[in-house]
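J.: Here it is, the structure in full.
The values are calculated or read from the model by the stated rules, or taken from the named source; none is laboratory data. Since the model is a prediction, treat every value here as computed from it, not as a measurement. Every residue, glycine among them, receives a Cβ derived from its backbone with ideal geometry; neighbour counts consider all protein chains shown. Heads up: the accessible areas ignore ligands, DNA and RNA and are worked out on the full protein's heavy atoms, side chains in. Shrake-Rupley method; radii C 1.70, N 1.55, O 1.52, S 1.80 Å.
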Amino acid sequence: MQAAVMYGGVVVKGSVNSNSTSLAVCFSRAQKGRKQKQLSSSIDFSNTNCQLLSSSSCMPHNTSCFGLRLDSFSSMGTELTRSSLFRSRPIVKALASGGGGEGDVEEGRPIKSVEDVNYVVPPQQQQGKASTGTVFPFVGVACLGATLFGYHLGVVNGSLEYLAKDLGIVENTALQGWVVSTLLAGATVGSFTGGSLADKFGRTRTFQLDAIPLTIGALLCATAQSVHTMIIGRLLAGIGIGISSAIVPLYISEISPTEIRGALGSINQLFICIGILLALVAGLPLAGNPIWWRTMFGISAVPAVLLALGMAFSPESPRWLFQQGKFSEAEKSIKTLNGKERVADVMTDLTVGSQGSAEPEAGWFDLFSGRYWKVVSVGVALFFFQQMAGINAVVYYSTAVFRSAGIASDVAASALVGASNVFGTTIASSLMDRQGRKSLLITSFFGMAASMLLLSLSFTWKALAPYSGTLAVLGTVCYVLSFSLGAGPVPALLLPEIFASRIRAKAVALSLGMHWAANFVIGLYFLSFVNKFGISSVYLGFSGICLSAVLYIAANVVETKGRSLEEIERALNPTI
């Protein structure tokens, strides 16, 4: 059986012998003003060892020969496309015919059998490493959204007392509660909206749209003369950080090179922690200037504007461009992010990831189908465990815990918790691509369970009464450190990695919706549970949830370190 294809001036001819499971291919390249240069190859599919073998005796003087051996016919298509020899843009398919010539070439589908020769060897194969440094500025721009996420969460803690006096709601704790919780309600709405916007308009354009509610919300809060205006401003800011919470990890995971994707993905959580710390630092002048709270809210408009401007110069996600059929723009984006030497490699990965599927973006109901729900449920469960394990409850109650240990300063208590979070997240970013996501998650939740048990015992075990204050502080710091090593940064990184490309944005949004809903429930009912059951029992319950998370992760979460998004997608969704 004969076949011929042409790619970038290279003519590829081949013959398939189905009995001997081998493919002989002859390459000829037309060169300007020179004789055609040829090389020949025999590809044997009967061996499991995939390697390049050289030979000096199979062709005359100006030719070379090589052999590539693969496992079996059933895996041939996948292995061919993953082999470094076949790293080029797959546009053509060889015509399997009895007497095919050089002109017998047509557009076609990816390799499915030995009759399909979809990927050909470019005349000069380049296999450079990704220019990882070029992606950092764009990750930094995206992390402005993560910083605002943390800042808006933390800014109300120090300013609530002062804005309540200014707006005349000191005696109305219900309205104060609305000022705090409206942000979370808006974030829940924003997290669902972010996925749809990212699918429709692209990642960078969605960031620019997100800057609108972030900026308007900040200005309304800063200039509010009534509690109603304040609540509207908080709602808009919440929608903004909800959108950010969905698209920041999505964008970072899609533009990051595989070898450093874990470290860059964990930067999202690091900048959230930095945002919280910035909000705490911004509150320091309040004691001497009671109306400083307006400035605290107003300055958050600056990074929102910088986010919009920065995204005007940032490349769009190559994966989103590829899904939209904008191949030349995808190549340009890859060149900007990873360097021109990786364009062919990444384009090949993207094409392999879309093999056999020309399906449109998934709808919301598709997430609950038998095809996707198993992997989507992992994302939802991880954020459920993250919030129900009690991180926000520990932060809310840390001041009282530290006061019982003799630390009277609220700022010092909050700063210690925040610093522990930043330190742990920094350590996690260095371990993410070495230890792996799954092992960090298990270690993190186990450490949280032990810390919660220590906290619970420090409040109830009489033998520990002389050391209760010290143990309470130690347990709180260890808990926050454990959280920041895995439970904090990993879910936002892992989810965009495990979700198939056609459901990625919406599935991340659904999982973030669980995050905000659980966060809202914890904030609403935590103190009620403490008053009813006691802090020791509540912390003991959190410890049990953390242990349940360890068992769930061990059974259901896959390791993704060192694997491209397309490889992960094929492993988890073999029908794609």
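J.: What does the accessible area per residue of segment 433-511 come to in Å², with a 1.4 Å probe and no ligands, DNA or RNA counted?
T.: Roughly 32 Å² per residue, with all protein chains present.
J.: So how do Ser468, Ser537 rank on accessible area, 1.4 Å probe, biggest first, that is with the largest at the start?
T.: Accessible-area ranking of Ser468, Ser537, largest first: Ser537, Ser468.
J.: Compute, for Met514, the solvent-accessible surface of its heavy atoms (probe 1.4 Å) with the complete set of protein chains present, and express it in square angstrom to the nearest 10.
T.: Roughly 60 Å² of Met514 is accessible to a 1.4 Å probe.
J.: Whole angstrom only: what separates the Cα centroid of segment 503-563 from the Cα centroid of segment 445-491?
T.: 17 Å
J.: Please list, by residue number, every one of the chymotrypsin sites (Phe, Trp or Tyr not before Pro) in segment 442-500 that is coil in DSSP and has at most 15 other beta-carbon atoms within 10 Å.
T.: Taking segment 442-500 and a limit of 15 other Cβ atoms within 10 Å, the loop chymotrypsin sites (Phe, Trp or Tyr not before Pro) found are Trp461.
J.: Next question, about the same structure. Order the following by accessible area, largest value first: Leu493, Leu209, Leu431. Probe radius 1.4 Å; ligands, DNA and RNA are ignored.
T.: The ordering from most to least exposed comes out as Leu209, Leu431, Leu493.
J.: Same structure again: Highest first, please rank the peptides 528-536, 236-244, 217-225 by the mean number of other Cβ atoms sitting within 10 Å of their residues.
T.: 236-244, 217-225, 528-536
J.: To the nearest Å, what is the center-to-center distance of segment 238-273 and segment 152-183, using C-alpha atoms only?
T.: 29 Å
J.: Give the ranking of Glu497, Glu559 by solvent-accessible surface, highest area first, calculated with a 1.4 Å probe.
T.: Putting Glu497, Glu559 in descending order of accessible area: Glu559, Glu497.
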